[in-house]
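Note sheet for the following structure.
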Amino acid sequence: MSKLIRENIYFLVPATLFILIGIILLSIYPKGIIHIEINEAHNKFFDWFYSYITFFGNGWMILIVLIILLFVKYRYALILMISNILITIVVQVSKHFIFPDSLRPKAYFEGIYELYLVEGIAVHSYHSFPSGHAATAFSIFMMLALITRNKVWSLFWFLFGILTAFSRVYLSQHFLEDIIAGSLIGYSLTFFTYFYFNKFVPERLEKSLTDLIITWK
């Protein structure tokens, strides 16, 4: 595992720092205060930017990346699929059974503070913790970092992950604590799933749909 960590340190270190900084902030300031500070720092460009980048955390992004990975290696596609099944279980059990009463910002601030909401975004009210979008985004970009194993690309994937996760706070879909937990769930489960299948993998999973197409020709 130490070798895998070293090869992906340019994603893992900033991702871990992001988690730690978030935890420190949440230990100092109430989540509501943090959210208000972020909510007040809005402008038209960020409204546009985060309205679109948030889609990288949607469930259908997993399907798109999964299909692409089938043409690279079956193993990569299998890892992404299994890790996201595990992520979905953890996130949904947390949302509906462990923290069923966690309110999203819209409901949390109702009658207390008038949130700035980006026009055209349907804002939810319940099942806030943890963020599924943040978990999905960090899972996808952790997977891409594991495949590319390049420090520049790793930093690029991390940047996309953190921007996607942060978009959920900017759009008032989640609090900071939600995206911190979601991000940790996403990249840690994907990393450990990759580690397991990197050690125990049948040779046939090293092939891809590209090999199949070439064989047919």
Scanning the range 115-154 for residues that are more than 14 Å from residue 168 (Cα to Cα) and of a type in the set (Gly, Ala, Ser), which turns out surrounded by the most Cβ atoms within 10 Å (Cβ to Cβ)? 139
Can you tell me which residues in the range 1-16 are under 16 Å from residue 186 (Cβ atoms) and part of a helix (DSSP H, G or I)? 11, 12, 14, 15, 16
State which residue is surrounded by the most Cβ atoms within 10 Å (Cβ to Cβ) when the search covers only the range 195-208 and only residues that are assigned to a helix (DSSP H, G or I) and in contact with a Lys or Arg (Cβ under 9 Å, 6 or more places away or on another chain). 197
Run residue 113 past the list (1) over 20 Å from the mean Cα position of the chain (by Cα); (2) closer than 21 Å to residue 67 by Cα; (3) hydroxyl-bearing (Ser, Thr, Tyr) and report the number of the one that doesn't hold. (2)
Selection from the range 89-108 of residues that are within 20 Å of residue 54 (Cβ to Cβ) and among the aromatic types (Phe, Trp, Tyr): 108
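Among the candidates 19, 5, single out the residue that is surrounded by 11 or more Cβ atoms within 10 Å (Cβ to Cβ), among the hydrophobic types (A, V, I, L, M, F, W, C) and modelled with pLDDT of 95 or more.
Details: 5 fails: modelled with pLDDT of 95 or more.
Step by step, each of 19, 5 is checked, and only 19 is surrounded by 11 or more Cβ atoms within 10 Å (Cβ to Cβ), among the hydrophobic types (A, V, I, L, M, F, W, C) and modelled with pLDDT of 95 or more.
The values are calculated or read from the model by the stated rules, or taken from the named source; none is laboratory data. Because the structure is predicted, anything quoted here is derived from the model rather than measured. Neighbour counts run over all protein chains shown; Cβ positions are idealised from the backbone, glycine included.
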